[in-house]
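The values are calculated or read from the model by the stated rules, or taken from the named source; none is laboratory data. Computed from a predicted model, the values in this text were never measured in an experiment. Here the Cβ is made from the backbone with ideal geometry for all residues, glycine too, and neighbour counts use every protein chain on show.
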Amino acid sequence: MKDRIEDCISRFRKSCDYLEIRIEEFAITQINLRGPRVEVLQETIELGGCARAYQKGGIGFVTFNDIDRLDEFVSEAIEQARLVGRTRTMLADAPVIRDDVDADPVHDVRAVPLHRKLDLLKGYNERILGYHKHIITSGVRYRDGFKVIWFGNSEGTLIRQERMDIGCNLSGRSAKDGVTQMAYTSVGSSNDFNVVLDLETRIDEACETAIQLLDAPTIKSGKYLTVCDPHLSGTFVHEAFGHSSEAEKVYESERMQELMKFGTKFGSPILNIYDSGITRGSRGYLKYDEEGVPTEKTDLIRNGILVGRLHTRETAGKLGEKPTGNARAVDYRFPPIPRMRNTCIAPGESTFEEMIDGVKLGVYAVDAFGGQSEEMFTFTAGRGYMIRDGKIAEMVKNVTLSGNLFTTLKNIDLIGNDFSQIESGGGCGKGDGRTFQFPLPVGEGSPHIRIRDIVIGGQ
Amino acid sequence: MKALFDSLVKKTDSAELFELDSTVNLIIFESGHLKNLNTLNSKGAAVRAVAGGKLGQAIVSDMRSPGETAERIRKLAEQGDPVSFKFSDAASVPTLNLVDDRIADLGSKEIVELGQEAVEAIKAYDSNVTADFIGERTLDRVRVMTSRGADLHFERLFFSYGISAELIEPQNILRLGKYAKGITPPKTPLETARDVIRDLRIGRNNVSFKPGRMPVLFAPSAMSDVLMAFTGSVDGDLVAKGVSPLSRRMGEQLLDPRISILDDPWHPDGIMSAPFDDEGTPTFRKPLIEKGVLKQFMTDRKSAAALDINPSGNGYRAVPFERYKSFGVGISTEFSNLIIEPGQTQLDRLRAGIRYGIEIHQINGILLGDLIGGDFSGSLEIAYLIENGERTGRVKNAMVAGNFFKIFKDQLVDMSAEQQWSGTFGGCSGSLLLPYILTDGVDISGTD
C-alpha cells in the first residue's frame, strides 16, 4: 500500500501546492446487550481512503472505497482545489517522517476470541440484571477496533501506523413507582484489552447508585458552590474549555483571535490545562496525527493564562504558530480537523476535605453522563450530593451544570491534589450534518475541582 | 456486492444485504470565502445473516475477498442470539419520484454561485459578521436484497445547505445557523440569508429577563429537539421492551386535541422519503398522534415481531441524530419525515399575543437528559425575549425544562399556520416539518 501511495503522489505532486493520501483498513467488533438479549453482534470490515489537495489556499477532498481508482480520485481532489484556490496555501512546516508504527499493545483485542468477549459481557449483563429487583434493564456496549492507516504526502512523509482502541459502557436502569433512573460505569484504552476484565465491583457500585437515585430528590435549581469529582471535572474541561481551544474557530476570525489571544487571563493562577497525545494507553494517545505530525503535550492554560491551542497544519500556518498534532479524523470518510486527544486539568494542592470544609450549602457532583458546548456549555453529572455545613449530605439527582466559557473557568477556586486519568467508552462528537464526526476516541484527566457559583438546573 | 450476497445465501440460513452507493458533493465557504470542495464517494454494504437460527451482522466496504468475508459473517452469526424476525420478502413497493430535474441540473458551479450570494448579503449587512455556507448535493442509490426474494432499488437526490453567521464581540458570541433541504428546490440561500440577517438584528442585542414560568414560543428548530422527548416513546423497540411509558397507552388522549403528528415517508419534499426502509419493508404514511390520541408506534422488523404486529417501515440505517444514510450504521427504529399539522394563526399574530415570553430557536444539551418519559431540559443557545408582542433581544444564560406530555397537553396555546422544514440541533439535521408552537407556563430559569 505504501508503494501505491508513493507512486500515485509522485505522479501528481507537481499539480498542486500540497497533496496527501490516507488509506485505512480496519476491523471493528461491536457487542451490545440490553436486558436479556444480544442486541448487536457486529463486525466491520472496511477499506477506504481519502485524498486531500491544497492549491493557492483552496482545498479539494475526495473520499472513496474503490482503491483501484486511486488516481482518478486524487486527480479530482486536485481539480477541486484548483477551482477554489485564489490566495496562498499556508500550511505550517512539519518534519518529513518515514515511519512504521506497530500498535504494540499490552493485550491485543485481536488475540481474544469472540466467544470469550461475549461470555465476559454476558456475565456482566447478568450481574446487572440480577443485582436488585428494581433494576429493570441493562445496557452493555462494547466496541473494539484495530486499524492500519497508511499516510503519505507530497513533502515525502510516508507512515504506516497501527492503532488499537477499546471502550465499554455498562449501565443499569432502575425503576420504582413510575420513576426511572440510570447509572453506569465505563472503561477504555488504546493498548490493553484487559481493562474490560474484573469490572464486578464497579458494576455493583453503578447498580447501587441506580437504586439509590430512585429515592433521591431532584436538586433544587440554582447557583451553587460545586465540587466536581475527577470524572465530571474531566468532562467539564473537555466541554467548557477544550472545544474552544480547537483552532479552526480562531484562525479565520480576527475577533476570535482577540478573544483567544495568548496572555489572556482565563482563570486563577492555580489553573493549568493541557492536551496530550503522548499519554500511553489513553484513548487519546497517538504517535502521529492524521496529517503525519508527531503529537506532543500541548499546554493550553498555564497559571491561569492562555498559552496554547490545538492545531492542524493549516490553522497553525495561518496563525503563525506551531502544529501540535491535533489534526484528527474519525475515519477515512472525513478530513482531519483540530480535535482533542487527552485533555487534562493538572493537579493542584487542595485536599478534598479542604474543598468542603466550612461550606454551608453546596453540591458534590459525581460522574458524568456527557456534555455539549457552544459559548454556553452544559454537562450532566451522574449524581450529586448536597454539601451541608462542611459535610457530604443527601444524594440528589438531575444535576445538570451549565455555564459560560468566559466566566466559569474563572470561578474555579480550588484544585485537588488527587489527579485521576479517566478513560471511557463512546467518544467525542463534533460538527454537524455531513461534517459530524463521531465517535472520536479521547481521554480526560483531572483532580477534584471546586467551582464557585455554577448554575445547576433541576426543578 | 452481488458476489458477497450470493456467497452469503449459499453459506447461511438466510441473509439480507443493504447496499449504499452514494455521491455527496459539498461546497464549503468559510468566513465568507469559498474554501473547500469535497466529493464523498461511499460504496459498501451492511449485511445481516442467520446461521443455525442465530443472527449476526456486518459492515463491509472491503470487497476483496467476498467468500472469506461471508464465511466470517457465518461464524459470527453462529454466536449470536436466536433470530426473532424474518427478512423482507417484499415484491413490490410504492413508486415515488425522488429525483427532481432541477436538483439534478444543480452542479457545483451553480451551488457556488448560490452560496456566494448568501455570504455577500450577510457581509453587506455587517462586515464584522463572518458568514459560513455549506451546500450539499446528495445522490443515494439504495438496494436491498434478501434471500427471501426481495431485490429492491431506489435513487434519491436532494439538495441542502446551511448558512451560519457569527458575530464576536468582547464577552459575547452569537452564532446563528439556518438550514434548508429538499428533494425539490428549497427556499434560496439568499432568502435564508435575509432570514439570518433579520434574526441577527435582534439577536445582537442581549437583554436581561425575569426567570419564571412564562409563555414560550417554540420555533421549528427548537421543537425538533424537544420532539426527541416524544419520539423515543413511540419507538417500537422501546415499547416492546416496556421501557417506553406509552407501552400500554395506545388509543389514549396524550396531547392536546389540536396536535396531530404524522410519519410521512412519501412527502415529495422530505429528505427521508423512500419507497422502502433500509430493511426492504415498504413504507406508508401514518399518524403517530391523531388529534392528540396515540395511534401507532414506529417499528422495524425486529420490534414489530416482538410486538406481534406488521412492521411499519421505520427501520433505518442513518447516522445517529443526523438524517443521512450510511452503510456503517446498524438498523434502528426511526421516523422518516415527521410532520406536525399546522394551526390556523399566522406567526406574526401568535407573537403579537405574547406580552412577556421567550421564543426559543436553539436548545443546547437536550440529549443530556433522560428523554424517555418526556422530560427535557437544556440551555438556551438562541432565544429571544418577546415583550408586548415583539422580539426585543437575545436571552442568554437561561435554561428551559419541562415534560413533553404535560406541556403539549395542558399548556398548548396555539400553533402557527406556517410550517418549516427543520431538524435537530438548531435545524441542521432535517426531515421535520413543523409549525411554531406557543405554550404557556413553561419553566425558564436564569443561569447568571
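Numbers at a glance
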quantity: Residue in the range A:140-173 that is surrounded by the most Cβ atoms within 10 Å (Cβ to Cβ), counting only those that are at pLDDT 95 or above and closer than 21 Å to A:Ala210 by Cα; calculated: A:Gly172
quantity: Helices (runs of 4 or more DSSP H) (entirely within the range B:200-244) containing at least 2 residues that are more than 24 Å from B:Ile444 (Cα to Cα) and either free of Cβ contacts under 8 Å to residues at least 60 places away in the same chain or within 14 Å of chain A (Cβ to nearest Cβ) (or both); calculated: B:236-240
quantity: Members of the range B:22-39 found to be more than 7 Å from chain A (Cβ to nearest Cβ), part of a strand (DSSP E or B) and more than 25 Å from the chain's Cα centre (by Cα), listed by number; calculated: B:His33
quantity: Residue, nearest to A:Gly457 (Cα to Cα), within the range B:384-397, restricted to residues that are more than 9 Å from chain A (Cβ to nearest Cβ) and touching a residue at least 60 places away in the same chain (Cβ under 8 Å); calculated: B:Val395
quantity: Test: A:Ile128 is buried (at least 19 other Cβ atoms within 10 Å of the Cβ), hydrophobic (A, V, I, L, M, F, W, C), part of a strand (DSSP E or B) and not assigned by TED's automatic domain parsing to the domain that holds A:Glu423; calculated: no
quantity: Residue match in the range A:378-400 (condition: within 14 Å of chain B (Cβ to nearest Cβ), surrounded by fewer than 20 Cβ atoms within 10 Å (Cβ to Cβ), within 17 Å of the chain's Cα centre (by Cα) and farther than 21 Å from A:Ile59 by Cβ); calculated: no
quantity: Filtered residue count, the range A:63-73, keeping only those that are more than 10 Å from chain B (Cβ to nearest Cβ) and either closer than 10 Å to A:Cys50 by Cβ or within 30 Å of the chain's Cα centre (by Cα) (or both); calculated: 0
quantity: Matching residues, the range B:275-317, being among the aliphatic types (A, V, I, L, M), surrounded by 21 or more Cβ atoms within 10 Å (Cβ to Cβ) and in contact with a Gly (Cβ under 9 Å, 6 or more places away or on another chain); calculated: B:Met298, B:Ala304
quantity: The range A:13-28, subset of a type in the set (Val, Ile, Thr) and buried (at least 21 other Cβ atoms within 10 Å of the Cβ), residue farthest from the other protein chains (Cβ to nearest Cβ); calculated: A:Ile21
quantity: Pairs where the first residue, in the range A:12-37, is free of Cβ contacts under 8 Å to residues at least 40 places away in the same chain and the second is acidic (Asp, Glu) and not in a strand (DSSP E or B), C-beta under 8 Å, 6+ apart; calculated: A:Arg37/B:Asp81
quantity: Some residue of the range B:5-12 being part of a loop (DSSP other than H, G, I, E, B), surrounded by fewer than 19 Cβ atoms within 10 Å (Cβ to Cβ) and hydroxyl-bearing (Ser, Thr, Tyr); calculated: no
quantity: Only listed residue being farther than 20 Å from A:Ser189 by Cα, in contact (Cβ under 8 Å) with a residue 60 or more places away in the chain and in contact with a Ser or Thr (Cβ under 9 Å, 6 or more places away or on another chain), chosen from A:Phe266, A:Phe241; calculated: A:Phe241
quantity: Search result, residues across the range B:138-178 that are within 11 Å of another protein chain (Cβ to nearest Cβ) and closer than 30 Å to B:Lys43 by Cβ; calculated: B:Thr138, B:Ser160, B:Tyr161, B:Gly162
quantity: Where B:Lys54 falls short, out of the listed (1) touching a helix residue (DSSP H, G or I) at 6+ places or on another chain (Cβ under 8 Å); (2) under 27 Å from A:Gly48 (Cα atoms); calculated: (2)
quantity: Number of positions in the range A:195-206 that are in contact (Cβ under 8 Å) with a residue 24 or more places away in the chain and surrounded by fewer than 14 Cβ atoms within 10 Å (Cβ to Cβ); calculated: 2
quantity: Considering residues of the range B:157-199 that are hydroxyl-bearing (Ser, Thr, Tyr) and assigned to a strand (DSSP E or B) only, the residue surrounded by the fewest Cβ atoms within 10 Å (Cβ to Cβ); calculated: B:Ser164
quantity: Candidate set from the range B:40-79 (those that are in a loop (DSSP other than H, G, I, E, B) and on the phi < 0 side of the Ramachandran plot); member that is farthest from the other protein chains (Cβ to nearest Cβ); calculated: B:Ser65
quantity: Residue list for the range B:328-359, restricted to those being under 30 Å from A:Arg143 (Cα atoms) and either modelled with pLDDT of 95 or more or under 13 Å from the mean Cα position of the chain (by Cα) (or both); calculated: B:Thr333, B:Glu334, B:Phe335, B:Ser336
quantity: The range A:74-108, subset crowded, with 19+ Cβ neighbours inside 10 Å and within 26 Å of the chain's Cα centre (by Cα), residue nearest to the other protein chains (Cβ to nearest Cβ); calculated: A:Leu91
quantity: Out of A:Lys410, A:Lys397, A:Lys430, sole residue that is among the charged types (D, E, K, R), more than 30 Å from A:Val196 (Cα to Cα) and out of contact with any Cys (no Cβ under 9 Å at 6 or more places or on another chain); calculated: A:Lys410
quantity: Residue among A:Ile456, A:Ile415, A:Ile451 that alone is crowded, with 24+ Cβ neighbours inside 10 Å, facing chain B (nearest Cβ under 10 Å) and assigned to a strand (DSSP E or B); calculated: A:Ile456
quantity: Residue, nearest to the other protein chains (Cβ to nearest Cβ), within the range B:398-446, restricted to residues that are closer than 19 Å to B:Gly232 by Cα and of a type in the set (Val, Ile, Thr); calculated: B:Thr424
quantity: In the range B:363-383, residue farthest from B:Ile197 (Cα to Cα) [restricted to those that are more than 10 Å from chain A (Cβ to nearest Cβ) and of a type in the set (A, V, I, L, M)]; calculated: B:Leu371
quantity: Matching residues in the range A:93-117 - criterion: being within 22 Å of A:Lys147 (Cβ to Cβ) and among the aliphatic types (A, V, I, L, M); calculated: A:Ala94, A:Ile97, A:Val101, A:Ala103, A:Val106, A:Val109, A:Ala111, A:Val112, A:Leu114
quantity: From the options B:Ala118, B:Ala150, B:Ala91, B:Ala124, residue that is surrounded by fewer than 17 Cβ atoms within 10 Å (Cβ to Cβ), modelled with pLDDT of 95 or more and small (Gly, Ala, Ser); calculated: B:Ala124
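Conditions (1) away from every other protein chain (no Cβ under 12 Å); (2) under 30 Å from A:Lys14 (Cβ atoms); (3) among the β-branched types (Val, Ile, Thr), marked per residue:
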position: A:Arg110; (1), (2), (3): yes, no, no
position: A:His115; (1), (2), (3): no, no, no
position: A:Leu129; (1), (2), (3): yes, no, no
position: A:His134; (1), (2), (3): yes, no, no
position: A:Asn153; (1), (2), (3): yes, yes, no
position: A:Ile159; (1), (2), (3): yes, yes, yes
